[in-house]
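These notes are about the structure you will find just below.
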């Protein structure tokens, strides 16, 4: 449902639809921002005069390339590679690389567009970008993944740099892939520089980086709970996914006294109403990260409830559990309006997006209509890119920071993001609406920078 917007914003949105009619995820991300900006249009007529709104929805540069690589049978395979350099008004492009069969221009443009405002909220000097490939690392040997990464970087390296564009990992791109990508970049560029983040600690990575998105999500939710005089202590938390974000969100929730009762992967989900404790979570981390197993193995190992995924259902049974807090950490549009209503009916009071845009617009509407405090991804999952920014700072200084120092800086950034979103929402007449507050706060910094830099900003 498209809400009534200022006529200028409506024109911008219609232009996006006309130019790229086959990019629904990008349309969704653009609409979600534009629907919040009526107060900005009224307060800043100069943005219309300099056409900021039209410029901010168009990427500065869109790169697509062929990636030929050789599999273990000696056959040449071909994938597509992408890099979307969306906006550099406040710093070099920054955003992850995603290797997954679903990767296409619509998904990457939505991710890059979101990244612009997420990075703005961190307060760090980072623009927004995203990239990746339709390559699927699942089922590939280490040598096949290495050869693909080397082929991918053979084209990408000419478009990136420590002060130009600094990619990181995302779905399908973990420490193994970053290592292969960095090795090829170093060979081609003949330099050792902080051009990628998420690197291994041995060659310039940062402590806390694997944990950062999950930890940051929980730090932000802690601040939202505190506004109501609440804490995580004793609260039941539903988490989807079982990758880095989900694992470390679960770890931090458990440390703060909460009970994580669900985790999932693409095959199904586990449910333990007593809470997955620290020892059990360590077993899951070893199973997912080392053996690359499926979440079903945990259920078999511990004798707990497992529900296989039924793609024919119009809802996800995971969200029918009785919980206080929901943290979707798997993928975009995984939680729809029916799921949100099921959560409301089962007592949920808080929700935060650990993944990028995991809640559909209908789901967000349901949360708002039922007074569920909802934290959008551009605020809630900004911990990962924040710590990537801290890794960039350490690389520039050639000085590693301790775990405690990085964690403290991450915590402070997430507290700052909460303050910006909370105070902005209150200032513009929608107290408690974190979507509204985060959208306006993130947009204003970018728009003001673009306006100050003239027509090329």
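Any residue in the range 154-162 that is in contact with a helix residue (DSSP H, G or I) (Cβ under 6 Å, 6 or more places away or on another chain), more than 28 Å from residue 424 (Cα to Cα) and at pLDDT 95 or above? First the steps, then the outcome.
Initially, the range 154-162 is screened for residues in contact with a helix residue (DSSP H, G or I) (Cβ under 6 Å, 6 or more places away or on another chain), giving 157.
From the residues that got through so far, the ones that are more than 28 Å from residue 424 (Cα to Cα) too are 157.
Among the residues that remain, those that are also at pLDDT 95 or above are: 157.
Yes, the range 154-162 contains at least one residue that is in contact with a helix residue (DSSP H, G or I) (Cβ under 6 Å, 6 or more places away or on another chain), more than 28 Å from residue 424 (Cα to Cα) and at pLDDT 95 or above.
Looking only at the range 107-132, which residues are part of a helix (DSSP H, G or I) and in contact with a strand residue (DSSP E or B) (Cβ under 7 Å, 6 or more places away or on another chain)?
Step one: filter the range 107-132 for residues part of a helix (DSSP H, G or I), giving 107-122.
Hits for the range 107-132 are 108, 109, 111, 112, 113, 115, 116, 119.
When you look at residue 195, is it crowded, with 23+ Cβ neighbours inside 10 Å and either without any contact (Cβ under 8 Å) to a residue 60 or more places away in the chain or in the same structural domain as residue 121 (by TED's automatic domain parsing) (or both), yes or no?
It is true that residue 195 is crowded, with 23+ Cβ neighbours inside 10 Å and either without any contact (Cβ under 8 Å) to a residue 60 or more places away in the chain or in the same structural domain as residue 121 (by TED's automatic domain parsing) (or both).
Anything in the range 232-241 that is crowded, with 24+ Cβ neighbours inside 10 Å and either modelled with pLDDT under 95 or more than 17 Å from residue 305 (Cβ to Cβ) (or both)? List them, or say none.
Residues of the range 232-241 crowded, with 24+ Cβ neighbours inside 10 Å: 237-241.
241 - this is the single residue of the range 232-241 that is crowded, with 24+ Cβ neighbours inside 10 Å and either modelled with pLDDT under 95 or more than 17 Å from residue 305 (Cβ to Cβ) (or both).
Is it fair to say residue 229 is at pLDDT 95 or above, on the phi > 0 side of the Ramachandran plot and surrounded by fewer than 21 Cβ atoms within 10 Å (Cβ to Cβ)? I'd like the intermediate steps shown before the answer.
Working: at pLDDT 95 or above: yes; on the phi > 0 side of the Ramachandran plot: yes; surrounded by fewer than 21 Cβ atoms within 10 Å (Cβ to Cβ): yes.
In short, yes.
Considering only the range 303-342, how many residues are touching a residue at least 60 places away in the same chain (Cβ under 8 Å), touching a strand residue (DSSP E or B) at 6+ places or on another chain (Cβ under 6 Å) and in a loop (DSSP other than H, G, I, E, B)?
6
Scan the range 201-221 for residues that are surrounded by fewer than 20 Cβ atoms within 10 Å (Cβ to Cβ) and more than 18 Å from residue 405 (Cα to Cα) and report the count.
Qualifying residue count for the region: 2.
Considering every residue within the range 124-141, establish whether at least one is surrounded by fewer than 24 Cβ atoms within 10 Å (Cβ to Cβ), under 20 Å from residue 216 (Cα atoms) and outside the structural domain of residue 293 (by TED's automatic domain parsing). I'd like the intermediate steps shown before the answer.
Step one: filter the range 124-141 for residues surrounded by fewer than 24 Cβ atoms within 10 Å (Cβ to Cβ), giving 124-125, 134, 136-141.
Going one step further and asking which of them are under 20 Å from residue 216 (Cα atoms), we end up with 124-125.
Next cut, outside the structural domain of residue 293 (by TED's automatic domain parsing) only: 124-125.
Scanning the range 124-141 turns up at least one residue that is surrounded by fewer than 24 Cβ atoms within 10 Å (Cβ to Cβ), under 20 Å from residue 216 (Cα atoms) and outside the structural domain of residue 293 (by TED's automatic domain parsing).
Going by the structure shown, is residue 117 buried (at least 24 other Cβ atoms within 10 Å of the Cβ), touching a helix residue (DSSP H, G or I) at 6+ places or on another chain (Cβ under 9 Å) and closer than 29 Å to residue 434 by Cα? Steps first, please.
Details: buried (at least 24 other Cβ atoms within 10 Å of the Cβ): yes; touching a helix residue (DSSP H, G or I) at 6+ places or on another chain (Cβ under 9 Å): yes; closer than 29 Å to residue 434 by Cα: yes.
The answer is yes for residue 117.
Where in the range 1-99 are there helices (runs of 4 or more DSSP H), lying wholly inside it, with at least 3 residues that are at positive phi, in contact with a helix residue (DSSP H, G or I) (Cβ under 8 Å, 6 or more places away or on another chain) and without any contact (Cβ under 8 Å) to a residue 12 or more places away in the chain? Step through it out loud before you land on a result.
Numbers: elements: 7-19, 24-34, 38-43, 45-49, 52-56.
Correct list: empty, since no element meets the threshold.
Just to be sure, is residue 363 at pLDDT 95 or above and either outside any helix (DSSP H, G or I) or under 21 Å from residue 123 (Cα atoms) (or both)? Quick ask: steps written out before the conclusion?
Working: at pLDDT 95 or above: yes; either outside any helix (DSSP H, G or I) or under 21 Å from residue 123 (Cα atoms) (or both): no.
It is false that residue 363 is at pLDDT 95 or above and either outside any helix (DSSP H, G or I) or under 21 Å from residue 123 (Cα atoms) (or both).
The values are calculated or read from the model by the stated rules, or taken from the named source; none is laboratory data. Owing to the predicted nature of the structure, the values given are computational and were not obtained by experimental measurement. Note: ideal-geometry Cβ built from the backbone for every residue, glycine included; neighbour counts use all protein chains shown.
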